[in-house]
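Worksheet for the structure shown next.
The values are calculated or read from the model by the stated rules, or taken from the named source; none is laboratory data. Just so you know, these numbers come straight off a predicted model, no measurement behind them. Neighbour counts are summed over all protein chains in view; Cβ atoms, including those assigned to glycine, are modelled from backbone coordinates with ideal geometry.
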Ligand code: ATP
């Protein structure tokens, strides 16, 4: 039997496992934590690096027309004026004056409670998969308390950005349950400001980048001038981004410091962008599946035309079934030539490229696949987290927690166990194999405790393969036992077979 915890409990269990086994810790925990910031521990940093390396290898190194870049986090402030971030990068927020809690207005839902045609109150709820149910229950309570006879009209939730001024005082705060303390929605700047240089005045204001993409646009000309590229081509970058999110939540799903893996794919203005967009969407889905996400857990959210930014031609988000609901994992946007034209205008530098094929000169259009590293980690953890039942050393069936990571991204690729730790010949042979494998992969050596318990410890951190050195190894044919984490099946393999198998599974 294989089961997932209920979605409510699943996030808590993942957070608990991440802390306990050294994947992810709340930042600054000894000082009580710091909301919206997380640190990656010994296993977390391996998982993170493996995901980034897999992306880099598949998107940059194994493709002929994508170049890599690593630009600075702090860039000339004019870049953010040109890109529109200084004026426009904000979210609507609403404060509860009583509890001092702050909500993103587009994540706070409310509805009037109407009985027999008369509005007798309002309900509010913070966005969650069960929001409709919660709101309906609250509405029924209001009706009961008001002892109002008649039919309760259906509860139609709207987000708080759609509230009217006369409703601000009527909508209850989700924190207190009482109306009167919510402010009107206000725009809240998401970019972190800092000061660069010795002066502390306005001229010194700079920003921590809220996306890596603008570093790509700012370097587009440098890369074109290297002569290495011709249309269509892409520039890829992995790096930190910072957003002063109003309500960081859901663990690493929405944090204030996170990392992005972005590509700007430059195409001719006359290219068949719809087909290219579709190809990128498929490439992105295939990549997510290649690192272990079930295809069925990924859906496409096509942004309706009337909700697109004025410069955007189309955007499709790849959505994943996270423990807190189906949410955006990867955005794939067709941004036209807006960004390059803005930088051309603000910098005075030409952003045109000469296309040998068509003998035309133009400012290219872009397709932008933009993925969060941290959201990918949460998706991978969600997909991998499994509880099943297997027999222990004594044959008694017990529940077991395991992370079914793909060997490609698993933090520890294999664990090497001497059957007994007090038999020098077993230990020596196991150590020799450990040292050999360690030269290529992150492997782990464990000699302590019953073999079953050693397997369990590795299952819980998602190590796909267990290799045991026993008496047959040293006395008979040199073969070792290779155990599969998911099926618990064991088979004997020679060292050459083992290495070939690991190569295929891990590096494949
Ligand atoms: P959302 O609507 O969830 O705030 P967004 O549309 O603002 O996301 P983009 O600006 O398109 O996100 O950023 C590209 C990707 O970067 C997202 O798909 C996501 O994977 C990641 N990302 C964005 N904001 C955050 C954040 N605060 N924490 C973690 N990852 C993020």
Verdict on residue 70 being assigned by TED's automatic domain parsing to the domain that holds residue 244 and either within 30 Å of residue 214 (Cα to Cα) or at pLDDT below 95 (or both): yes
Residues being outside any loop (DSSP other than H, G, I, E, B) and under 17 Å from the mean Cα position of the chain (by Cα) - total across region 15-33: 5
One residue from 208, 170 being under 14 Å from residue 124 (Cα atoms) and touching a strand residue (DSSP E or B) at 6+ places or on another chain (Cβ under 8 Å): 170
Residue count, region 22-33 (criterion: more than 16 Å from the ligand (Cβ to nearest atom) and out of contact with any helix residue (DSSP H, G or I) (no Cβ under 8 Å at 6 or more places or on another chain)): 6
Selection count, region 148-157, where residues are loosely packed, with under 14 Cβ neighbours inside 10 Å and at pLDDT 95 or above: 2
Condition broken by residue 51, with the remaining ones in (1) surrounded by fewer than 20 Cβ atoms within 10 Å (Cβ to Cβ); (2) in contact (Cβ under 8 Å) with a residue 60 or more places away in the chain; (3) under 20 Å from the mean Cα position of the chain (by Cα) satisfied: (1)
Boolean, residue 241 is more than 12 Å from the ligand (Cβ to nearest atom), within 30 Å of residue 404 (Cα to Cα) and assigned to a strand (DSSP E or B): no
Yes/no for residue 36 being closer than 26 Å to residue 246 by Cα, out of contact with any helix residue (DSSP H, G or I) (no Cβ under 7 Å at 6 or more places or on another chain), in a loop (DSSP other than H, G, I, E, B) and at pLDDT 95 or above: yes
Qualifying residue in region 392-406 (condition: buried (at least 18 other Cβ atoms within 10 Å of the Cβ), closer than 30 Å to residue 466 by Cβ, within 16 Å of the ligand (Cβ to nearest atom) and modelled with pLDDT of 95 or more): no
Filter result for residue 314 (free of Cβ contacts under 8 Å to residues at least 60 places away in the same chain and either in the same structural domain as residue 12 (by TED's automatic domain parsing) or within 11 Å of the ligand (Cβ to nearest atom) (or both)): yes
Members of region 249-260 found to be part of a strand (DSSP E or B), more than 7 Å from the ligand (Cβ to nearest atom) and in contact with a helix residue (DSSP H, G or I) (Cβ under 8 Å, 6 or more places away or on another chain), listed by number: 259
Filtered residues of region 353-367 (kept if surrounded by 22 or more Cβ atoms within 10 Å (Cβ to Cβ) and either free of Cβ contacts under 8 Å to residues at least 40 places away in the same chain or within 16 Å of the ligand (Cβ to nearest atom) (or both)): 366, 367
Any hit, region 106-115, residues being within 16 Å of the ligand (Cβ to nearest atom), modelled with pLDDT under 95 and in contact with a strand residue (DSSP E or B) (Cβ under 9 Å, 6 or more places away or on another chain): yes
Enumeration of residues in region 319-348 that are without any contact (Cβ under 8 Å) to a residue 60 or more places away in the chain, more than 19 Å from residue 80 (Cβ to Cβ) and within 11 Å of the ligand (Cβ to nearest atom): 319, 328, 329, 330, 331, 332
Unique match (being surrounded by 15 or more Cβ atoms within 10 Å (Cβ to Cβ) and at pLDDT 95 or above) among 469, 451: 469
Test: residue 295 is buried (at least 19 other Cβ atoms within 10 Å of the Cβ) and either in contact with a strand residue (DSSP E or B) (Cβ under 7 Å, 6 or more places away or on another chain) or under 24 Å from residue 50 (Cα atoms) (or both): no
So residue 246, is it touching a strand residue (DSSP E or B) at 6+ places or on another chain (Cβ under 7 Å) and either without any contact (Cβ under 8 Å) to a residue 12 or more places away in the chain or not in a strand (DSSP E or B) (or both): yes
